[in-house]
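The values are calculated or read from the model by the stated rules, or taken from the named source; none is laboratory data. In this text the structure is predicted, and so the values were computed from the model without any measurement. Glycine also receives a Cβ, built like all others from the backbone with ideal geometry; neighbour counts cover every protein chain displayed.
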């Protein structure tokens, strides 16, 4: 890029000056690189174009009237100079600032990628912990249900024992004795027979000696 002047095909100027905005083909990129004395790619082309267009029109005012019918009249090639030194300094400063921005953006992208990697790693760790917690909760729930079932069985057993005890208490209230498996009945009958015999003996008539008196009264019937 050391030349001060360079010749480009007229079609390159037509594409650059009359083409669709943002449509930078390789010929146009070479034109902008020469004018700015910078390596211009499609990302930098809009900035280089803004700095170069006025300089090109200043050298060739006839290009401002450029149309399809006038291209042949202007010739097949156009010779132009690169930017003057004072403008070139402004371009250098602008491109340096853009380079800084690009570097900062790339660093931020790298840092963002690093953070995203950390986030993904933490997500995996959290998922693993959540799985462990879910397994622990399921285990505790299962053990709790087993304890509840065992406790319920014990409660049923205690209730049955209490019911049996209440039934025996009611039997005592009604009969005065608790019969357990048929035992105790003979004893109760014996006690009842003894009581009945005692009553019979006490009610028997006192002995008489045929004299019309009772010996216990001191009378002998004389």
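Hey, does the stretch 77-89 have a residue that's modelled with pLDDT under 85, in a helix (DSSP H, G or I) and loosely packed, with under 10 Cβ neighbours inside 10 Å?
no
Residue by residue through the stretch 163-179, note down the ones that are at pLDDT below 80 and surrounded by 10 or more Cβ atoms within 10 Å (Cβ to Cβ).
Correct list: 175, 177, 178, 179.
Can you tell me which residue is modelled with the lowest pLDDT among those in the stretch 52-64 that are part of a helix (DSSP H, G or I) and closer than 12 Å to residue 13 by Cβ?
64
Scan the stretch 17-32 and tell me whether some residue there is assigned to a helix (DSSP H, G or I), under 60 Å from the mean Cα position of the chain (by Cα), at pLDDT below 90 and under 30 Å from residue 103 (Cβ atoms).
no
For the stretch 33-47, what are the residues that are in a helix (DSSP H, G or I) and either without any contact (Cβ under 8 Å) to a residue 24 or more places away in the chain or closer than 21 Å to residue 78 by Cα (or both)?
Within the stretch 33-47, 33, 34, 35, 36, 45 qualify.
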